[in-house]
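Read the structure below first, then the notes.
The values are calculated or read from the model by the stated rules, or taken from the named source; none is laboratory data. Quick caveat: nothing in here was measured; it's all calculated off a predicted structure. Cβ placement follows ideal geometry from the backbone for every residue including glycine, while neighbour counts extend to all protein chains displayed. Surface accessibility is based on the protein's heavy atoms, side chains included, excluding ligands, DNA and RNA. Shrake-Rupley method; radii C 1.70, N 1.55, O 1.52, S 1.80 Å.
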Amino acid sequence: MIAMTKLGFTVGILATALCLPSDGQTISVMVLDQAGAQTVLRAAKASAQQRNAPSAIAVVDPAGDLLAFERMDGVRPASADLAIQKARTAARLQRPTAEIEDSINQGRTAFVTADIMALRGGMPVRLDGDIVGAVGVAGLSKEADTETAKTAAAALTPSGHED
């Protein structure tokens, strides 16, 4: 009986110690909420309209999960999937998809076998230096996609420019 009491007491102390909060056990991570996603989406749409470049636009959280999407009139159906994949890739790799395309063009062909979108038009969205999501744009040209995505990614910064 005494052995059981000691064991129960030891287990109780151990359980209590493991459940107590300790510095460094949690981190605070900023992520894009629905309001932020809609701000990025509106900025992308306005930029695409200004460039006369109808586009499919996707906004995702840091994990690459879709938060907001719009396919403007006149956009090819396949552009919807391309926009989502560009955003997902930019979020998960935490860099613009243009960098991935450039790496492939410079001979880093291993990227081709990865399950990522290696086309221009995906940009991480940063807030206070942290990646909070990403935007992907697919429309008529890689230049318009890239510029529209850059404009949209900067929509949450106070000055409207990327960090």
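What the table shows:
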quantity: Qualifying helices (runs of 4 or more DSSP H) (wholly inside the stretch 62-163; at least 1 residues being within 24 Å of Gln34 (Cβ to Cβ) and within 16 Å of the chain's Cα centre (by Cα)); calculated: 78-93, 97-105, 142-153
quantity: Unique match (being touching a Pro at 6+ places or on another chain (Cβ under 9 Å) and closer than 11 Å to Ala149 by Cα) among Pro62, Pro96; calculated: Pro96
quantity: The stretch 101-118, subset out of contact with any helix residue (DSSP H, G or I) (no Cβ under 6 Å at 6 or more places or on another chain) and within 16 Å of Ala87 (Cα to Cα), residue surrounded by the most Cβ atoms within 10 Å (Cβ to Cβ); calculated: Glu101
quantity: Test result for Arg76, at pLDDT below 95 and closer than 15 Å to Asp145 by Cβ; calculated: yes
quantity: Residue match in the stretch 50-73 (condition: open to solvent by 10 Å² or more (accessible area, probe 1.4 Å), among the acidic types (Asp, Glu), within 23 Å of Arg126 (Cα to Cα) and free of Cβ contacts under 8 Å to residues at least 60 places away in the same chain); calculated: yes
